Amino acid sequence: MIIDYKVLTKVKIWSALLLLFFVQSCQIEGDNLSLSGLPQPDFDAEEIGPGRIKLINKTSTPTIARWTVMSSGQKLEGDVVEINLIFEGSYDVKLDVAGQGGMASVTKTVSVSADDPQACSDDKLLGFLASCTQKTWRLNPEAGAFKVGPGPDNGEWWSSSMADIATRSCEFNDEFTFSFNAEGTFVYDNKGDFFADGYLGNKTAGCEPASNLKGEQLLWNSGTFQFGVVEGTGIKKLGQLRLMGKGAHIGVKKAHNGGETDTGPVRDYVLYDILDMQKDVNGQGYDLLKIGVNIGGDGWWTFTLRSFK
């Protein structure tokens, strides 16, 4: 495996100064207490199977290790971790370490020599979302397709009704397409309209043409973005879905991690927890996917999608 690397070192100066002040102020006479040097982060990457990499913290001093896969936003913690990168290619992995002397980081480019042949199986999150080619989803045309309440899959504060399928037809026709490729292509198609919901476009209580989206809200229009998945994480341990690119979203546009903002997207990603996955529901030939986004405190928006293609 070829690993290229570039060390990006930084220190939380205020933390070091605060710690130094604390040590000096509490120093026992005759002792010579001082901060250790800044950690020099390093790690090894070992390919342990198709698409699978083991990361090993090799920093010479004791540290707390946190990892980030830059392309997907996947985060892990520990001196030895395993990640599934799925596709052949090169990936930037960042190691952040925290030790007695401060904080530092190193980023290396890790190479994967072969695709994971099991990745598009429908018992894996990626395979369920995208199949082995691509898969399109819409809001499930049933009551409760989207709802908000104190906790995931809770509609105590508000839940869509059967009547909303017609009233909000310009939401129920939206398509969300995931492609099974190394780029993680996610396409949002609003079919040329949207439900204004009192805050979008002309702020009516009905459907409006997509041309009414202006300013920062225009980023919520149809577009091509990216997505990444992480197995076994999230509140239900079923995995998480990260949509990347400013304006990428599923369901209610204003909902994002930590809050609701109706003027436009506040960051370049939204992270959804997988709440449920059902295959071939009642033998009808479609799948159901339930996802949730925590908007702060105990507040959660929950969206149920049905596969159509």
Here are Ala210, Ala196: which of them is among the aliphatic types (A, V, I, L, M), free of Cβ contacts under 8 Å to residues at least 40 places away in the same chain and surrounded by fewer than 18 Cβ atoms within 10 Å (Cβ to Cβ)? Ala210
The lone condition Asn32 fails out of (1) touching a strand residue (DSSP E or B) at 6+ places or on another chain (Cβ under 7 Å); (2) at pLDDT below 95 is (1)
Hand me the list of strands (runs of 3 or more DSSP E) wholly inside segment 199-245 holding 2 or more residues that are in the same structural domain as Gln134 (by TED's automatic domain parsing) and within 27 Å of Asp276 (Cβ to Cβ). 223-230, 240-244
Is segment 108-125 home to any residue that is out of contact with any Ser or Thr (no Cβ under 6 Å at 6 or more places or on another chain), modelled with pLDDT of 95 or more, crowded, with 21+ Cβ neighbours inside 10 Å and under 17 Å from Lys279 (Cβ atoms)? yes
Is it the case that segment 234-244 has a residue that's surrounded by fewer than 20 Cβ atoms within 10 Å (Cβ to Cβ), within 20 Å of the chain's Cα centre (by Cα) and modelled with pLDDT under 95? no
I need a count of the residues in segment 261-309 that are not aliphatic (A, V, I, L, M) and not in a strand (DSSP E or B). 19
Applying the selection to segment 32-55, what residues are surrounded by 15 or more Cβ atoms within 10 Å (Cβ to Cβ) and under 20 Å from Ser111 (Cα atoms)? Pro41, Asp42, Phe43, Ala45, Glu47, Pro50, Gly51, Arg52, Ile53, Leu55
Meets criteria (farther than 30 Å from Phe194 by Cβ and buried (at least 19 other Cβ atoms within 10 Å of the Cβ)) for Ala65: yes
The number of residues in segment 117-141 that are touching a helix residue (DSSP H, G or I) at 6+ places or on another chain (Cβ under 9 Å) and of a type in the set (S, T, N, Q) is 3
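The values are calculated or read from the model by the stated rules, or taken from the named source; none is laboratory data. Please read these numbers as outputs of a predicted model, since none were measured by experiment. With ideal geometry, Cβ positions are generated from the backbone for all residues, glycine too; neighbour counts draw on all protein chains shown.
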